[in-house]
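Engineer: Take this structure, written in C-alpha cells, and hold onto it; I'll ask about it next.
The values are calculated or read from the model by the stated rules, or taken from the named source; none is laboratory data. This one's a predicted model, so the numbers in the text were calculated from it and none came from an experiment. Every residue, glycine as well, gets a Cβ built from its backbone with ideal geometry; the counts of neighbours run over all protein chains shown. Side chains are part of the model used for accessible areas, which takes the heavy atoms of the whole protein and leaves out ligands, DNA and RNA. Shrake-Rupley method; radii C 1.70, N 1.55, O 1.52, S 1.80 Å.
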Amino acid sequence: HMSYTFDNNIPIYIQLVDIVRVDIVSGKLSVGSRLPSVRELAFYYKVNPNTMQKALVELENEKLIYTERTNGKYVTSDSKVINKAKEKLAKEKVREYLSSMNSIGITYEESIKYLQELGGK
C-alpha cells in the first residue's frame with residue numbers, strides 16, 4: 001500500500017481530506033463506490049483511526065461522501081458535487097502556477113505561452 005509523506009506544518013487530517021478529495025475527483029475512487037472501513041483506511045494511509053475519521057467527517061461536510069447507517073461510507077453519486085470540487089481544485093492549481101511563474105518574473109501572457117507550448121506533450 002501507499003506510503004504518504006505528511007507535511008508536519010499542516011494538520012494530517014487536512015492532508016488526508018486533500019488526498020481523498022483528489023482520489024474522488026480523479027475517478028481513482030469510483031462514483032457511488034463503497035469506501036473501505038475507517039480502520040482499513042487508517043491502516044492504508046498509516047494514520048490513527050481518529051485522524052482518519054476526522055478527515056471523513058470533513059469530506060462528508062463537503063458532500064463528497066455520505067454514510068449509510070448500516071452499510072458504511074460511499075463516494076457521492078452526484079456528479080455536480082464532484083465537478084464543483086474538481087473545478088475548485090483546478091482553479092487552485094492554476095493560481096499556484098501563475099503565482100510561481102510570477103515569482104520568477106514571468107508575465108501572465110508568457111505563462112499561457114508555456115502552457116500551450118508544453119500542453120500537447
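Engineer: Counting only residues that are within 27 Å of S30 (Cα to Cα) and without any contact (Cβ under 8 Å) to a residue 24 or more places away in the chain, which one in region 84-95 is farthest from the chain's Cα centre (by Cα)? Steps first, please.
Structural biologist: Our first condition is that a residue be within 27 Å of S30 (Cα to Cα); within region 84-95, this holds for 84-94.
Now drop any that are not without any contact (Cβ under 8 Å) to a residue 24 or more places away in the chain, which leaves 84, 87-88, 90-94.
Numbers: K84: 12, E87: 12, K88: 10, A90: 11, K91: 13, E92: 12, K93: 12, V94: 15 Å.
Among those that are within 27 Å of S30 (Cα to Cα) and without any contact (Cβ under 8 Å) to a residue 24 or more places away in the chain, it is V94.
Engineer: Another one. So which residues in region 62-95 are in contact with a helix residue (DSSP H, G or I) (Cβ under 6 Å, 6 or more places away or on another chain) and at positive phi, if there are any at all?
Structural biologist: K63, the sole residue that qualifies.
Engineer: Please specify each residue of region 1-50 satisfying the condition of being outside any loop (DSSP other than H, G, I, E, B) and of a type in the set (D, E, K, R). If you could, list the steps in order and put the result at the bottom.
Structural biologist: To start, the set of residues in region 1-50 that are outside any loop (DSSP other than H, G, I, E, B) comprises 12-25, 34, 38-45, 49-50.
Correct list: D18, R21, D23, R34, R39, E40.
Engineer: Name the residues in region 64-119 that are over 30 Å from E40 (Cβ atoms), in a loop (DSSP other than H, G, I, E, B) and not β-branched (V, I, T), would you?
Structural biologist: Hit for region 64-119 is G105, nothing else.
Engineer: For region 19-61, name all the residues that are open to solvent by less than 60 Å² (accessible area, probe 1.4 Å), in contact with a helix residue (DSSP H, G or I) (Cβ under 8 Å, 6 or more places away or on another chain) and not β-branched (V, I, T).
Structural biologist: Correct list: R21, L29, L35, P36, L41, A42, Y45, P49, M52, A55, L56, L59.
Engineer: For the subset of region 1-18 comprising residues that are more than 12 Å from the chain's Cα centre (by Cα), open to solvent by 50 Å² or more (accessible area, probe 1.4 Å) and of a type in the set (A, V, I, L, M, F, W, C), which member is modelled with the lowest pLDDT?
Structural biologist: M2
Engineer: Which is open to solvent by 60 Å² or more (accessible area, probe 1.4 Å) and touching a strand residue (DSSP E or B) at 6+ places or on another chain (Cβ under 7 Å), of Y74, Y114, Y66, Y108?
Structural biologist: After ruling out the rest, the residue left standing is Y66.
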